[in-house]
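The structure under discussion appears below in the form of structure tokens.
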Amino acid sequence: MANVKLIKNGTVVTASDTYTADVLIEGETIKAIGIGLEAPEAETIDASGLYVFPGGIDPHTHLDMPFGGTVTADDFETGTIAAAFGGTTTIIDFCLTDKGKPLANSLQKWHAKSADKAAIDYSFHLMIGEINDEVLAELPQIVAEEGITSFKVFMAYKNVFQADDGTLYRTMLTAKELGAMVMVHAENGDVIDFLVAKALAEGHTEPIYHALTRPSALEGEATGRAAKLAGLTGARLYVVHVTCAEAVKAIAEAREQGFDVWGETCPQYLMLDQSYLGLPGFEGAKYVWSPPLREESHQSVLWNALRTGQLQTIGSDQCSFNYAGQKELGLGDFSKIPNGGPTIEDRFSILFSEGAAKGRITLNQFVDIVSTRNAKLFGLFPRKGTIAVGSDADIVLFDPAAERTISEATHHMNVDYSAFEGLKITGVPVSVLSRGEFVIRDKAFVGSAGAGRFIKREPYTKPDSASPSGKEAVQL
Ligand code: URP
Ligand code: ZN
Ligand code: ZN
């Protein structure tokens with residue numbers, strides 16, 4: 001029989017359990033889990049001393065994306081290979097849309113960018129920039145047939161991606177109807193636009209002004225506004241890249257009121273602070289993200305929120321631009337620095353090393369935050385996000401004792417710097433399997449571009465005749 005693998009003597013870690021077991025893979029799926037499994041026809045893989053984790057699920061990437069007058073340095077090939085090296089086996093990328101054009105065209109464009117290039121499985125979120133009859137007519141089919149069950153609305157990037165509150169509200173109404181999740185980039189784009197223009201008029205052009213013109217209060221305000229609209233409409237809301245105490249508070253308050261609101265943070269906000277934007281020369285441009293890096297005091301708030309469940313996930317927000325020639329577009333005008341950084345390879349390792357290994361979160365919380373919760377929220381569970389019989393054999397064999405140092409010299413992203421240069425990491429993904437096939441074996445890439453598959457995702461409510469509303473929410 002083709003592709004039978006037996007992973008022996010590893011420590012299986014899921015979002016709920018940690019135990020020693022063998023894992024039998026047949027074809028693309030996990031066939032059995034147990035002690036002392038035998039399969040004479042299987043290739044045996046010794047996982048003694050290793051954790052057997054479900055593959056990481058990165059719910060927030062921007063690959064091959066035009067932005068700020070340039071295009072991200074990593075495409076679906078380099079980005080997904082780097083993701084695999086870092087222990088991630090599924091990504092959900094953001095499909096940008098153009099006002100006045102069919103959403104289907106944008107989806108076709110994103111399929112064309114990814115189909116022959118992705119080395120691991122992938123899906124898309126769909127950006128909603130406007131709501132009109134054409135958009136409303138397209139969305140039901142996009143959810144039901146195309147398996148795209150999350151919409152993204154930008155509350156910032158005025159005159160580029162930003163949508164107004166009416167659009168956000170109507171997107172929520174439609175999404176609720178279709179069982180799709182609404183995701184927001186929560187910053188007050190109108191006020192930021194004013195502050196940026198004022199800073200430039202006053203002659204402030206350096207990267208640090210990127211942070212100074214986007215204060216955390218404006219992220220908290222937008223997060224609270226989106227959360228209130230979610231409460232009004234009953235929609236499920238997911239706030240991407242939460243950076244600060246004000247936004248954590250707004251999400252916690254919404255959840256206390258019973259609103260269906262969820263929050264994601266990213267490794268850069270857990271590890272780096274605003275002072276990086278003030279590095280000498282133009283070095284600070286490497287650290288320009290939106291929302292911006294914050295004062296260091298916000299980091300413990302974010303860790304605490306992950307530990308207590310006020311924030312539930314970690315996304316990379318991978319959006320890489322080379323320092324040379326791309327970040328440099330903002331020399332003399334911080335508002336022209338392309339926003340974003342390289343993180344797809346480091347998300348899993350940083351959460352393990354700085355989170356689980358340092359005791360900020362438990363090992364099972366690590367799995368939940370890096371994989372399982374994302375699978376559940378984004379309609380991939382139980383196909384992905386866990387080690388269970390019948391699930392896709394997306395597996396990371398992870399050495400928790402190994403150490404390495406993050407560096408541009410050794411990373412696999414197609415970009416000329418690392419945001420975490422010199423950071424010492426405990427724990428290394430040794431081998432990574434995607435649907436039963438090795439993508440990374442003994443720390444070397446053995447997969448192929450194009451082997452990744454587009455995965456149709458489930459809506460979060462399903463028709464159910466027994467429920468009074470006629471719909472049954474998927475259990476989280
Ligand atoms: O700076 C960032 N975050 N760049 C990527 C685009 C976005 O806002 O997520
Ligand atoms: Zn954003
Ligand atoms: Zn993003």
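The values are calculated or read from the model by the stated rules, or taken from the named source; none is laboratory data. Predicted model only: the values in this text are computed from it and were never measured. Quick reminder, even Gly has a Cβ in these numbers, built from the backbone with ideal geometry, and neighbours come from all protein chains shown. Only protein heavy atoms, including side chains, enter the accessible area calculation; ligands, DNA and RNA are left aside. Shrake-Rupley method; radii C 1.70, N 1.55, O 1.52, S 1.80 Å.
Worth pointing out:
- For the stretch 134-148, taking the residues that are over 14 Å from LEU173 (Cα atoms) and of a type outside the set (A, V, I, L, M), the one that is nearest to the chain's Cα centre (by Cα) is identified as GLY147.
- Comparison of TYR323, TYR276 shows that the only residue that is away from ligand 2 (no atom under 16 Å from the Cβ), touching a helix residue (DSSP H, G or I) at 6+ places or on another chain (Cβ under 7 Å), part of a loop (DSSP other than H, G, I, E, B) and not small (Gly, Ala, Ser) is TYR323.
- Looking only at the stretch 1-26, residues that are touching a residue at least 40 places away in the same chain (Cβ under 8 Å) and surrounded by 16 or more Cβ atoms within 10 Å (Cβ to Cβ) come to 12 in all.
- Scanning the stretch 190-209 for residues that are farther than 17 Å from PHE154 by Cβ and under 27 Å from the mean Cα position of the chain (by Cα) turns up PRO207, ILE208, TYR209.
- Given (1) touching a helix residue (DSSP H, G or I) at 6+ places or on another chain (Cβ under 7 Å); (2) on the phi > 0 side of the Ramachandran plot; (3) not β-branched (Val, Ile, Thr), index of the condition ARG360 fails: (2)
- Qualifying residue in the stretch 428-442 (condition: in contact with a helix residue (DSSP H, G or I) (Cβ under 8 Å, 6 or more places away or on another chain) and either at positive phi or assigned to a loop (DSSP other than H, G, I, E, B) (or both)): no
- Taken residue by residue, the stretch 296-307 has at least one member that is touching a Gly at 6+ places or on another chain (Cβ under 8 Å) and either closer than 30 Å to LEU195 by Cα or part of a loop (DSSP other than H, G, I, E, B) (or both).
- The residues on offer are GLY379, GLY385, and the sole one that is assigned to a loop (DSSP other than H, G, I, E, B), more than 16 Å from ligand 1 (Cβ to nearest atom) and closer than 22 Å to ILE81 by Cβ is GLY385.
- Hits in the stretch 36-63 (condition: open to solvent by 10 Å² or more (accessible area, probe 1.4 Å) and within 13 Å of ligand 1 (Cβ to nearest atom)): HIS62
- Qualifying residue in the stretch 252-272 (condition: within 20 Å of GLY355 (Cβ to Cβ) and in contact with a Cys (Cβ under 9 Å, 6 or more places away or on another chain)): yes
- Which listed residue is farther than 15 Å from ASP416 by Cβ and open to solvent by 20 Å² or more (accessible area, probe 1.4 Å), from TRP262, TRP289, TRP303: TRP262
- Residue satisfying all of: in the stretch 145-167; aromatic (Phe, Trp, Tyr) and closer than 17 Å to GLY340 by Cα; surrounded by the most Cβ atoms within 10 Å (Cβ to Cβ) among these: PHE154
- Output for the stretch 86-113, where each listed residue is small (Gly, Ala, Ser), open to solvent by less than 10 Å² (accessible area, probe 1.4 Å) and touching an Asp or Glu at 6+ places or on another chain (Cβ under 7 Å): GLY86, SER106
- Unique match (being more than 16 Å from ligand 1 (Cβ to nearest atom) and not charged (D, E, K, R)) among LEU178, LEU218: LEU178
- So VAL242, is it within 28 Å of PRO140 (Cα to Cα) and either crowded, with 21+ Cβ neighbours inside 10 Å or within 14 Å of ligand 1 (Cβ to nearest atom) (or both): no
- Residue in the stretch 27-35 that is of a type in the set (Lys, Arg) and more than 14 Å from ASP392 (Cα to Cα) present: no
- Residue in the stretch 364-386 that is under 30 Å from LEU212 (Cα atoms) and within 16 Å of ligand 3 (Cβ to nearest atom) present: no
- Here SER353 does not fit the description of being within 12 Å of ligand 1 (Cβ to nearest atom), open to solvent by less than 30 Å² (accessible area, probe 1.4 Å) and farther than 19 Å from GLU187 by Cα.
- Of residues in the stretch 76-105 being of a type in the set (D, E, K, R) and either within 19 Å of the chain's Cα centre (by Cα) or not in a loop (DSSP other than H, G, I, E, B) (or both), the one farthest from PHE151 (Cα to Cα): GLU77
- Of the residues making up the stretch 306-323, those that are more than 16 Å from ligand 1 (Cβ to nearest atom) and open to solvent by 20 Å² or more (accessible area, probe 1.4 Å) are ARG307, THR308, GLY309, GLN310.
- The one condition from (1) under 30 Å from ARG236 (Cα atoms); (2) open to solvent by 40 Å² or more (accessible area, probe 1.4 Å); (3) at pLDDT 95 or above; (4) not acidic (Asp, Glu) that ALA466 does not meet is (3).
- Residues (closer than 23 Å to LEU126 by Cβ, aromatic (Phe, Trp, Tyr) and in a helix (DSSP H, G or I)) located in the stretch 157-200: TYR169
- Residues of the stretch 390-414 that turn out to be open to solvent by 30 Å² or more (accessible area, probe 1.4 Å), touching a strand residue (DSSP E or B) at 6+ places or on another chain (Cβ under 7 Å) and in contact (Cβ under 8 Å) with a residue 60 or more places away in the chain, as a count: 3
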